[in-house]
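The values are calculated or read from the model by the stated rules, or taken from the named source; none is laboratory data. The structure presented is a predicted model; accordingly, all values stated were derived computationally and were not measured. All Cβ positions, glycine included, derive from the backbone under ideal geometry; neighbour counts span all protein chains shown. Surface accessibility is based on the protein's heavy atoms, side chains included, excluding ligands, DNA and RNA. Shrake-Rupley method; radii C 1.70, N 1.55, O 1.52, S 1.80 Å.
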Amino acid sequence: MFTLLCVIIVTTDPVTQSAEELLVLANQAYELGDYVKAASLYDGIIRDSGGTGYIYYNLGNASLRAGKLGQAVAAYMQAQGLRPRDQDIAANLSFARQSIKDAVPPPEASALLRALFFWHFVLSRDELGVLGVLTNVLFWLCLFFRRIFWRETLGWGAVVALLTTLALGGSYATRTVWPTRRAVISIHEANVYAGTSEDGLVRFKLLEGTETRLIDTQDAWLRIALSDGNQGWLKAEVTRLVVY
C-alpha cells in the first residue's frame, strides 16, 4: 500500500536540478526508514518547485509513517486532486482517514451531484483543459466537413462535440476560478474560535487529520466549515491547505 513511487526529473535548469537531487535524497531517506527526513525533503521540493501527484503521494506515505496524520491526509488529498483515478492514492487516503480519532465526515459533494457531473470529479483540471481543447477542435472539424460532404451525421457530431466542449469548459473554469479548498488540521488538537482572536470564545476543538472546508482568510486566520454546518476561525499555522 505504501510503495514509494520514484519520479525522475530530467532537465538542465539549475533550480530543477536541485529539486532532482532533493528527490533522490528523499527517496533514499524513505528507503532507509527515515520518514521524518523524507517527508521534510518532499515538502521542500513541493514548496520550491511545485509538486506532481506522485510527489504528493510519496509525501503522504512518508508523513503517515512518520506519525504526521494531518500532513498525510492533506498530501493524499492534493495527490488525488492531480490524479483523481489513481487507486493507490484513493486507498491510502481512505486508510489515513480511518486512522483519525473521532473523525468528522469530510466535506464532499453529494452522490447525485457526482453522478450528474461525473466528468468534473473523475478528471483533473489539466485533463479537463486538454479534452476541452480536443472536443472544440472536433466541433470545428465536423462543421468543416459537413459543408463539404453534407452528411447529416456530421451535423449531429458537431452538436455532441459542442455540448461536450461546453461541459468540459465549464468544469475547467469552475476548477480554475473556484477550486476546491480544504484546511486539514495538522496538530494533535486545534481550537476553533468564534472570531480572529485567541482570547475569544472557543466554539469547538478539532483533532489532527480533520478535513474542513475553507471559506475565507483574514491575515493569519482561516474561516472554516465542517460537513455538519458548524463554522469558526482557525489559526492558519495549525492546518495544511489543499487546493485543487
Within region 135-188, which residues are closer than 23 Å to R240 by Cα, open to solvent by 80 Å² or more (accessible area, probe 1.4 Å) and in a helix (DSSP H, G or I)? V177
Return the pair list, or none, for Cβ contacts closer than 6 Å from residues in region 221-244 that are closer than 18 Å to Q71 by Cα to residues that are open to solvent by 70 Å² or more (accessible area, probe 1.4 Å), at least 6 apart or on different chains. V243/R181
Every residue from region 192-203 that is surrounded by fewer than 17 Cβ atoms within 10 Å (Cβ to Cβ) and either of a type outside the set (V, I, T) or in contact with a Pro (Cβ under 9 Å, 6 or more places away or on another chain) (or both): A194, G195, S197, E198, D199, G200, L201, R203
Considering residues that are in contact (Cβ under 8 Å) with a residue 40 or more places away in the chain, part of a strand (DSSP E or B) and over 16 Å from E108 (Cα atoms), the number found within region 193-220 is 3
Filtered residues of region 58-101 (kept if open to solvent by 10 Å² or more (accessible area, probe 1.4 Å), within 15 Å of the chain's Cα centre (by Cα) and more than 28 Å from F118 (Cβ to Cβ)): Q71
